[in-house]
Amino acid sequence: MRTFACEMVSPQSKHIGLLVHLAVWSVVFGMPFVIASGREASLTLREYLRFLLVPASFMAVFYANYCLLIDRCLFSRRVGRFFLSNALLVAGVMVGLHLTFHYLLPPLRPRPMERHAWQGVEVFFFFARNAFWYFLAVGAGVAIRMTERWYRDESARRELERSCAEAELQNLKHQLNPHFLFNTLNNIYSLIRLDPDRAQQTVHDLSRLLRYVLYESSRPEVTLREEAEFLSDYIELMRIRLPRHVRCEVSLPDAASPATVAPLLFISLVENAFKHGVSNDAPSWIVIDLRVRGDELVCRIENSYFPKPEDDRSGSGIGLQNLRRRLEVLYPGRYELLAAREGDSYVALLRIKTTDE
């Protein structure tokens, strides 16, 4: 059996909403005492009971909609049933209230008009006026429930977006790690053939890089010093296989920088520079500059442009595409990424605001 209850966005919101409801109805039910305090005559129990029945009837209409009819009919797209149910509810409440006033709690001094309450034009205007106010209570219930549902749905949507963003970020990291390892192992393979002695030290250096990639990258942020050390180790590993005619200039922030950054954020740009910026027989250069400027973290990489042929597609397109997606997840509205060819050079510029302001 399907049940319906008054729902809020969260336990905290539920408690706040309950307090608001109690406060509003406490003010309504306490109004006769405030009014009576300004009069000489005291408020009798009979007068207060007659007054009490009126807001109690509005409460019945309001909460019948707030806790039952809106969920069962309106949110289920049964609009006709919703209006019919409210018409019957309002009519029943008004008739019941009128009969209670007429037979159970009649006024001590009945007015002549009330003796003929079931006759004449007065009856029509009496019910029309009261029906208007009861349907206002229905509208208030609908407005409040719709607002609560919007907040609940909006909260659920934001939570879903956050969960999807986290899942996407983990997926991007999983794509990045094999791509990085693939390129690095290719470098080790080349070094083993050229210089076996240096290859042994390089394996040790690689173990340090892998530790950073596999463990430190699981953290949401690392210090800029840690990221700079990782880039420095990677660049030194790449230098081993560079021809002598390649000029490589690197400028990284010093260890005193307090800035933090998402791990493995710049490796795609560095990889692309070594992949597309080196020629085996033509003068080549790579310039890497990473620094902090005020509240911005700026990474500028310029390299000579020697694009790989179509048959060499190892990792093509993965790095830069993943970087854009990671930036959108991690720094929405706080980054600028430009990457384009400028003559015989290729320039990549990444700016990241380190604060939310």
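Below is a table of values for the structure above.
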| read-out | value |
| --- | --- |
| Filter result for the condition that a residue is surrounded by 12 or more Cβ atoms within 10 Å (Cβ to Cβ), farther than 26 Å from Asp233 by Cβ and modelled with pLDDT of 90 or more, over Arg334, Arg291 | Arg334 |
| Number of the condition not met by Phe58 [criteria: (1) modelled with pLDDT of 75 or more; (2) of a type in the set (A, V, I, L, M, F, W, C); (3) over 36 Å from the mean Cα position of the chain (by Cα); (4) surrounded by fewer than 16 Cβ atoms within 10 Å (Cβ to Cβ)] | (4) |
| Residue pairs meeting the criteria (Cβ under 9 Å; at least 6 apart or on separate chains; first assigned to a loop (DSSP other than H, G, I, E, B), in the stretch 269-280; second among the polar types (S, T, N, Q)) | Gly277/Ser284; Gly277/Asn303; Gly277/Ser304; Gly277/Ser345; Val278/Ser284; Val278/Asn303; Val278/Ser304; Ser279/Ser304 |
| Extreme residue, surrounded by the fewest Cβ atoms within 10 Å (Cβ to Cβ), among residues of the stretch 216-245 that are within 22 Å of Ile286 (Cβ to Cβ) and either among the aliphatic types (A, V, I, L, M) or not assigned by TED's automatic domain parsing to the domain that holds Arg193 (or both) | Leu242 |
| Considering residues of the stretch 255-288 that are farther than 15 Å from Arg326 by Cβ and among the charged types (D, E, K, R) only, the residue surrounded by the most Cβ atoms within 10 Å (Cβ to Cβ) | Lys275 |
| Subset of the stretch 65-96 [touching a helix residue (DSSP H, G or I) at 6+ places or on another chain (Cβ under 6 Å) and among the polar types (S, T, N, Q)] | Asn65, Ser85, Asn86 |
| Complete set of residues in the stretch 340-356 that are more than 11 Å from Glu302 (Cβ to Cβ) and touching a residue at least 60 places away in the same chain (Cβ under 8 Å) | Leu350, Ile352, Thr354, Thr355 |
| Complete set of residues in the stretch 186-225 that are assigned to a helix (DSSP H, G or I), acidic (Asp, Glu) and closer than 22 Å to Cys248 by Cβ | Asp205 |
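The values are calculated or read from the model by the stated rules, or taken from the named source; none is laboratory data. In this text, all values refer to a predicted model and were calculated from it rather than measured experimentally. Glycine gets a Cβ as well: all are built from the backbone with ideal geometry, and neighbour counts include every protein chain shown.
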